[in-house]
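The values are calculated or read from the model by the stated rules, or taken from the named source; none is laboratory data. Since the structure is predicted, the reported quantities are computational estimates derived from the model, not experimental observations. All Cβ positions, glycine included, derive from the backbone under ideal geometry; neighbour counts span all protein chains shown.
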Amino acid sequence: MQAPCRETPGWELNPEPSYAKPGDLIEIFGGVYHHWAVFIGGNEVIHLIPSTHRGGDLLEVLAFLGSSDATVRRQRIWEVVGSNRFQVNNLLDDKYQPLDPSTIVSNAVKMVGQERPYNVATHNSEHFVTELRYGKPESRQASKFVGAALFSAFRKNKDKE
C-alpha cells in the first residue's frame, strides 16, 4: 500500500501511519536505492544506517558500494522518511512465514545501538529488516544491483573483444 509523503495535507495530525502494524516492513523510496525499516509502533521505526550516511543522493549510494560499518537506530518514522514516499511492504510474506510481531519488535529493539557490517550487495537495510521479520536476510534490490553489475562487466569485456 502506498503511503502519503510528508507534504500530504494533514500528515501532522496523524504522523503514525494507521495502516502500519508493529513488525511491518517499511520501504522508503529514495531515488536509485530504497531504504528499509521495521515499524515498531508508537510512531517509531528501527533501521540499519551506514555510518557514512549524510543524505540520500547518488554520490552517497556510490560510497556505499564498498563495505563499511552501520548502526542500528531507533527513530521517529518521519525523521527517517523525510519527504520521501514510503509504503508498508512485507515483501516475502508469500514466501516465508513471518515471525510473531512481538518477536520482531523485541529482536529489533535489542539491536538498537549495535554496530554491524554494511555492504550494498550483502548486508544492506533490506537484508537487515527481512532477517528481523522472517529470520532470513534477503534483498531484491541487492540481487538487481549484483545482476546489473555483472551485466555491465560482461558488456565491457565483450566490447573489448
Q | Any pair with Cβ under 9 angstrom, 6 or more apart, that starts in the stretch 18-32 at a residue that is closer than 14 Å to Asp93 by Cβ and ends at one that is at pLDDT 80 or above and charged (D, E, K, R) | A | Gly23/Asp100; Gly23/Arg133; Asp24/Arg133; Leu25/Glu126; Leu25/Arg133; Glu27/Glu126
Q: Those residues that are part of a helix (DSSP H, G or I) and surrounded by fewer than 18 Cβ atoms within 10 Å (Cβ to Cβ), I need them from the stretch 93-110; list them, please.
A: Pro101, Ser102, Thr103, Ser106, Asn107, Val109, Lys110
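Can you name the residue in the stretch 1-31 that is of a type in the set (Phe, Trp, Tyr) and either closer than 30 Å to Asn119 by Cα or in a loop (DSSP other than H, G, I, E, B) (or both) and is also modelled with the lowest pLDDT among such residues? Explain how you work it out, then say what you get.
In the first step, residues of the stretch 1-31 are kept if they are of a type in the set (Phe, Trp, Tyr); the result is 11, 19, 29.
After this cut, where a residue has to be either closer than 30 Å to Asn119 by Cα or in a loop (DSSP other than H, G, I, E, B) (or both) as well, the list is 19, 29.
Working: Tyr19: 81, Phe29: 89.
If we take residues in the stretch 1-31 being of a type in the set (Phe, Trp, Tyr) and either closer than 30 Å to Asn119 by Cα or in a loop (DSSP other than H, G, I, E, B) (or both), then Tyr19 is modelled with the lowest pLDDT.
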Q.
Between a residue in the stretch 105-123 that is touching a residue at least 60 places away in the same chain (Cβ under 8 Å) and any residue that is in a helix (DSSP H, G or I) and surrounded by 14 or more Cβ atoms within 10 Å (Cβ to Cβ), which pairs come within a Cβ distance under 7 Å, given they are 6 or more apart or on different chains?
A. Ala108/Leu132; Val120/Ala142; Val120/Phe145
**Q.** Criterion: modelled with pLDDT of 95 or more and either exposed (fewer than 12 other Cβ atoms within 10 Å of the Cβ) or aliphatic (A, V, I, L, M) (or both) - qualifying residue of Leu48, Leu65, Leu59
**A.** Leu48
Q) Of all residues in the stretch 73-126, how many are touching a Gly at 6+ places or on another chain (Cβ under 9 Å) and of a type in the set (A, V, I, L, M)? A) 5
Q. Which residues, taken from the stretch 75-92, are surrounded by 13 or more Cβ atoms within 10 Å (Cβ to Cβ), over 17 Å from Lys21 (Cβ atoms) and of a type in the set (S, T, N, Q)?
A. Gln75, Asn84
Q: Run His34 past the list (1) touching a helix residue (DSSP H, G or I) at 6+ places or on another chain (Cβ under 7 Å); (2) at negative phi; (3) at pLDDT 90 or above; (4) not β-branched (Val, Ile, Thr) and report the number of the one that doesn't hold.
A: (3)
